[in-house]
Every structure is written in structure tokens, then in C-alpha cells.
1. Which links in Lys25/Lys286; Lys134/Lys405; Lys286/Lys405; Lys271/Lys383; Lys228/Lys405 stretch past 24 Å when you go from one Cα to the other?
2. Segment 198-330: percent of C-alpha pairs farther apart than 17 Å?
3. What share of all Cα pairs of the chain, in percent, falls into each consecutive 20 Å distance bin?
4. For the chain, give the magnitude of the charge dipole about the Cα centre (Cβ charges: +1 Lys/Arg, -1 Asp/Glu; no others), in debye to the nearest 20.
5. Figure the gain on full extension for Lys271 and Val247 (residue separation times 0.36 nm, minus the Cα-Cα span) and round it to one decimal in nm.
6. Longest span of the chain, sites excluded, free of chymotrypsin sites (Phe, Trp or Tyr not before Pro) in DSSP loop with at most 16 other C-beta atoms within 10 Å?
7. Just add up the charged neighbours of Phe51: K/R +1, D/E -1, any other residue whose Cβ is under 12 Å from the Cβ of Phe51.
8. Once you place label points 7 Å from the Cα toward the Cβ at Arg127 and Arg420, how far apart are they in nm?
Amino acid sequence: MTTQRILVVGAGHVGLYAALRLSRKLRAQLKAGEAEVTVVDPQPHMTYQPFLPEVSAGNISPRHAVVYLRRELRRCRVLAGEVIRIDHARRVATVQPITGPSREVGYDQIIVAPGSVSRTLPIPGLREQAIGFKTIGEAIYLRNRVLERLDVAATTTDPAIRAAALTFVFIGGGYAGIEALAELEDMARDALRYYTELKPDDMHWVLVEATTRILPEVDPDMGAYTVKELLRRKLDIRLGTRLESCVDGVVKLSDGDEFRADTIVWTAGVKPHPILRDTDLPLDEKGRITCLATLQVIDADGRVVEGAWAAGDSAAVPDLTRPGELCGPSAQHAVRQAVRMAGNIVAVMRGGTPTEYRHKYAGSVASLGLHKGVAQVYGVKLKGFPAWFMHRTYHLMRIPSLNRKIRVLIDWTLALFLKREVVALGELHDPRESFTEVTPPVSH
């Protein structure tokens, strides 16, 4: 019997959960060599993105917010590299390993789930001055950056340098921006107890949102509550305002305001991964792979592209609970789509019929710092500590692997008895600097 080869492009929420499900449903076939699941991702881990704000705030160890692929996917083959081209007509994907020449990997079924990247705009200075908030590396960097700026502000005698060091600008009022802003401000406020030279009012935390509301995923009254909570903490909320320039760290806003900021964070949305443009799979006007509710890829005429599947941020999947609309780019949809898709692939391989994905969006939960949050789940609205507790409980249940659940729970338990860690490890970002400074160059 010919081995059925399944290739999974990307090991994010969709890729990891789909591969886990496939390895369980095809356990006997994988053991007998009748099936093979290959997962390709440039990172050796899956990042549980909802925990990034807590990682940046020091509430969770960075290692505990990621899931090691080779340990969780022992029945799968894991390739450390990036898919740079997909030729579905030939059922071949080109993989660029971390080092060395590219290679072709054949398949019979392909799951295309590379995820999304930050959606940026052509704003002067943005590329040079700003940082995103989608990866574990960005979360660690931002934590170190904020704490390092506190040290700069506490040491300098120049008022302009101090003001710029203590100004933190976040662009985008969705969940990523709000949680990152709130958690980091909460951490910085905690850290100030060790800085006799600084006061909380010296810090300037700014949220810039182009629309007139934040957290569009929840009802307007919950968004309004969040704004009031942030204003109570003396954060600067700029609604209906756009970033026009940040050249050399000078922030210029559409409301006419202008100031210097050493830290600029871009969280204004996402877009499908650019790798999708290097495939022969059909895309919609926004660059997403067109799909049926069964997660099967379809062409412009609505015909199924045999052997091709997609889900998550990179796929345009109909939302059957809201006719005429598509499923939003959320971890909630991604995980459930992955499970449904894996079941459908196995069904098709065994001659069965795929089942449509249908899931009514349960709602959203967000942390606004330690013991503070906002939540709207199945129409129930919570604020403050109950919302924060629900946020933690929900995500503790959703993060993959018992190992990570236990480690995260231990982190949270220790935080009940020990003070928050607020030490910066800035050397992580340039570890060879101290060595190269003392090592003379040698001509050769």
C-alpha cells in the first residue's frame, strides 16, 4: 500500500492542533508506515500567543508559553525550515532549511496554515523605530526594553532624554494592543517601587487607535469600560487618531501632537502570510486561501482543489453561524478548525465525506494587568477580578500539553507569594557584544 503523505505548513495554532489530531486518529497507520505526517516550521516550538502579554509582564516564564514540537509530535516528522513555494499541481512544496540548500518535499494532502504577519502601513520611521507583538522574541524584547528605559530615565540628568525614555506608544486598540499596553504598564508601575528617582506620573503610556472605539470584538459598553479603566490609571488614550510619522523616535499624530518616544509598539492588525503568494492555490482579494466550510480549498468556480486544506488566519472560511461572513482571525476559531480539518482529512482518506465547520464565536477575554480584566462570553459580561480570573482559567485549559499547563500554573502560584521579577536581561539581544569588544580583529 502506498504511504499517504500529509504535509503541514506552519506549526501555529492550526498546524500543531491538526498534527496532534492526525497523529492520534492515524496512530495505527503511522506505526505501520501507511501514513506520514510532516510538519514544517522555522521555529522549534509553537507559541501560545494569548500568553504573550503575561510573558512580557513577567507573570509567565517565556519557555512556558511555547510548546516544543518534537516532544508533542513524536509520531510526526518535524522539519526546521520554511516553505518558500508550493506547487500543488505537482504535489510538491519547496522547503528552505535553517541552513543549507532548499529541498523539495512531496505530499498527497497538504494543510496550508502559515498564519499571519503584522499588517503595517507605509509610515515614515515605522520600520526603523517600531516593533510588533506577535512572537515570543518580541515579548521578551519589550519587557527588557521597558525595564531598561526605567534605568535610563533614573540615571540621566537630561529632562528630554528622561521624557523620551518614559514614553511608551502602542498603535492599535485591538486585544493585542490593549493587553500588551495594560500588562506592561502594570509591570512598570510595580518596578517603580525600586526607583526612588521616578514616580508613576513621570511615565507616559499612549494608545493610538484610528477608529473611535477599542476592543471591537466585544460590545461598545465593554470597550467603554476598558477605556475608563485605562484612563483611571492615567494612560493617554487617543481614539480617532493615526500615527503619521515616527522618524528618529519623534512621534507625530494626526491630532497635531508631537513628542519623542523611545518605545513604539505596532499592534494594528494582521494580514495573511506572504508565502501564500508563492503558491498555485486560489486566493481572495485579501490574499487568503479560499475555502469551503469543510476547510477544503476551492477555486474561483467553487470546485474543490483535491488534496488541499487551509484554516486559521491564512484562510477565508465561511462562518455558518453568520451567513455571508467569514470566520475571524482568532485562536478560538483556529484551534476548532484544526480539529475539524484533521477529522475531515482522515474521513476523505478513508472514503468518507467531510463535515462542515460550524462554531458560534464564544466571546473574548482580556487581561488588563494583574487582577484586572474584561470579558464577554456567551453574552455574559464580566469586569475586574472575575474577568481576569476567567481569562486565566480559559487559557490555562486551552494551552496544549499537560506539561505546559502545570508549569504555567506553578508560575502563577509562585506569584501569589513572591514579588514580581522586574530585572532586565538586555544582553540577550546582543550576547556577543562584550566578547567582541575585548577581542581584537585578526587579518586572515
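1. Violating the 24 Å Cα-Cα cut-off are Lys25/Lys286; Lys286/Lys405; Lys271/Lys383; Lys228/Lys405.
2. The proportion of pairs with Cα distances above 17 Å equals 70 percent.
3. Percent of Cα pairs in each bin: 23, 53, 22, 1.
4. Dipole magnitude for the chain comes out near 1920 debye.
5. 6.2 nm
6. Answer - 1-194.
7. Charge balance near Phe51 sits at +2.
8. 3.5
Values in this text are rule-based calculations from the coordinates and carry no lab data. All of these numbers come straight from a predicted model, not from anything done at the bench. A quick note on method: Cβ atoms are made from the backbone with ideal geometry, for glycine too, and the neighbour counts reach across all protein chains shown.
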